[in-house]
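The values are calculated or read from the model by the stated rules, or taken from the named source; none is laboratory data. Remember, predicted model here, so these are calculated numbers, not experimental data. Reconstructed Cβ throughout: ideal geometry from the backbone, glycine too, with neighbour counts over all protein chains shown.
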Amino acid sequence: MATCTSRKIVLERPSMLIPRRLRYALMFLCIGRIVLCAIASGSIDWPKVEEDCRRAIELDSNSLKAHYMLGLALLQRQEFVEGIKELQKALDLGRANPESYMVEVIWQEIAKAKYVEWENASSKHSWELQNLKEACEAALKEKHFLDDSQTEGFVDEFATSHLEQLEVLRRVFREAAEADTPAEVPDYLCCKITLDILRDPVITPSGVTYEKAVILEHLQKVGKFDPITREPLNQSQLIPNLAIKEAVQAFLDKHGWAYKMD
């Protein structure tokens, strides 16, 4: 009987560990196999990566690496909306873990994808504006020709009116194009240390807003003081600046060019 009991225990334990072993195996497939493929052939089997990551997420929906690699795989086949969504999930998971080392890497991938997405939309928008502008100019010229042929003695007056209408039309399209033209990011949306647009802003008791990772590095490596005001500062005094974070997101939603990483 003792032998049977012992054997039963041996048989049950592996079955209890299968989900965990499978999860670790899938994590290796999601990360380790990619490295091996890249070394062996210089290319990555992205469809396989996507398949493995989806299986891994089914077992562990909070797997940062699985969401991250799934996002990259989706971006490879131009699925920008879903790819960015997966990368954002990975970013949220990374920010929830103070010891995560992947937050910056994930943000850069999101920024690159968002910028490419903006470039594609901007090119299409510019092409549409140009076509519409040319069509409107042609319509105005045709109207001017008809008016000119049907009137006598008012040629100069109609010519002046036509030129004014053309100028108004061109100004309207010029202003429409400027709304999508890269410019300077407002100072209040930028970190006071790096001068880069804020991503995860925190505010100090003195009222200065910094990028969280940057000010934490300053406190750890330089000293426990506010780099602008020089007042004493500890990590516990940093408060998320939600108002600026919302303002940054609103600005990025409207001006996708600001995602460009120099």
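When GLN78 is tested against (1) part of a loop (DSSP other than H, G, I, E, B); (2) closer than 19 Å to GLU217 by Cβ, only condition (2) is not met.
Residues of region 203-262 that are touching a helix residue (DSSP H, G or I) at 6+ places or on another chain (Cβ under 9 Å), assigned to a helix (DSSP H, G or I), β-branched (Val, Ile, Thr) and more than 30 Å from ALA177 (Cβ to Cβ): ILE215 alone.
Scanning region 181-196 for residues that are outside any loop (DSSP other than H, G, I, E, B) and either at pLDDT below 95 or more than 18 Å from the chain's Cα centre (by Cα) (or both), we see that the one that is surrounded by the most Cβ atoms within 10 Å (Cβ to Cβ) is TYR188. Against the conditions (1) without any contact (Cβ under 8 Å) to a residue 40 or more places away in the chain; (2) charged (D, E, K, R); (3) surrounded by 12 or more Cβ atoms within 10 Å (Cβ to Cβ), GLU246 satisfies every one except (3). PRO227 meets the conditions (1) crowded, with 17+ Cβ neighbours inside 10 Å; (2) more than 25 Å from GLU104 (Cβ to Cβ); (3) in contact (Cβ under 8 Å) with a residue 24 or more places away in the chain in every case but one. The failed one is (2).
Return a yes/no flag: does region 117-128 have any residue that is loosely packed, with under 12 Cβ neighbours inside 10 Å and over 23 Å from GLY256 (Cα atoms).
Step one: list which residues in region 117-128 are loosely packed, with under 12 Cβ neighbours inside 10 Å, which gives 123-124, 127-128.
Filter once more, keeping what is over 23 Å from GLY256 (Cα atoms): none.
No, the conditions are met nowhere in region 117-128.
Out of (1) closer than 30 Å to ASN120 by Cα; (2) touching a residue at least 40 places away in the same chain (Cβ under 8 Å); (3) in contact with a helix residue (DSSP H, G or I) (Cβ under 9 Å, 6 or more places away or on another chain), what's the single condition that is false for CYS191? Result: CYS191 passes all but (2).
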